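Inspection log for the structure reproduced underneath, given as structure tokens.
Derivation of every value follows stated rules applied to the coordinates shown; laboratory data play no part. This structure is a prediction, so every number in the text was calculated from the model and none was measured. Here the Cβ positions follow ideal geometry from the backbone for every residue, glycine too, while neighbour counts run over all protein chains shown.
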Amino acid sequence: MVVAIIGLAAGAVVLSVPDPRPSVAEDAERFAARLSRAREEAVLSNRPVAVEATPAGYGFSVFDGAEWSALDEGPFGPETWTAGTTVDPSNPPMRIVFDPTGVADPAALTLTRDRQSRTIAVDGAGEVRLNG
């Protein structure tokens with residue numbers, strides 16, 4: 001009898017513990033904010049800035065007029081998606097390039113985890129929107 005009560009109590013505790021991972025909405029908000037910051041960097045530095053998103057995560061690069069190189073200073077370090085997150089489109093990896101005026105080709109990326117989805121979209125003017 002005592003063992004059954006302890007088992008029920010332990011089960012209730014396990015069910016009430018929140019998931020320690022950030023939600024897919026938090027991942028999407030962070031990615032959208034970093035895309036906006038990449039656009040600002042392109043305008044402020046007067047050079048193209050690219051963001052490449054893969055199934056594993058995303059990273060930034062900058063074009064110096066001759067070649068692309070990793071941009072990993074300040075908020076631009078490479079980032080991995082939270083475990084269990086799927087990315088669409090995933091193949092080939094999505095690459096968004098903000099030109100020095102802040103313009104980009106339209107693109108959209110959807111993050112999904114635990115039956116929840118959020119879509120991050122960049123329009124032709126380089127504006128970043130979070131949907132879902």
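Confirm whether residue 54 is under 18 Å from residue 29 (Cβ atoms), touching a strand residue (DSSP E or B) at 6+ places or on another chain (Cβ under 9 Å) and β-branched (Val, Ile, Thr).
Considered against the rule, which asks whether it is under 18 Å from residue 29 (Cβ atoms), touching a strand residue (DSSP E or B) at 6+ places or on another chain (Cβ under 9 Å) and β-branched (Val, Ile, Thr), residue 54 comes out as no.
Regarding residue 83, is this residue over 29 Å from residue 44 (Cα atoms), under 16 Å from the mean Cα position of the chain (by Cα) and either among the small types (Gly, Ala, Ser) or assigned to a strand (DSSP E or B) (or both)?
When the stated conditions are applied, residue 83 passes them.
Which pairs turn up if I take residues in the stretch 45-72 that are without any contact (Cβ under 8 Å) to a residue 12 or more places away in the chain and look for partners that are aromatic (Phe, Trp, Tyr) and crowded, with 16+ Cβ neighbours inside 10 Å with beta carbon separation below 9 Å, at least 6 apart in sequence or on another chain?
69/63; 70/60; 70/76
Tally up the residues in the stretch 73-102 that are over 13 Å from residue 37 (Cα atoms), surrounded by 12 or more Cβ atoms within 10 Å (Cβ to Cβ) and free of Cβ contacts under 8 Å to residues at least 24 places away in the same chain, please.
2
Restricting the search to the stretch 94-119, which residues are on the phi < 0 side of the Ramachandran plot and more than 13 Å from the chain's Cα centre (by Cα)?
Those that are on the phi < 0 side of the Ramachandran plot and more than 13 Å from the chain's Cα centre (by Cα): 97, 98, 99, 100, 101, 103, 104, 105, 106, 107, 116.
Answer yes if at least one residue in the stretch 106-121 is in a loop (DSSP other than H, G, I, E, B) and either among the small types (Gly, Ala, Ser) or farther than 15 Å from residue 28 by Cβ (or both), and no otherwise.
yes
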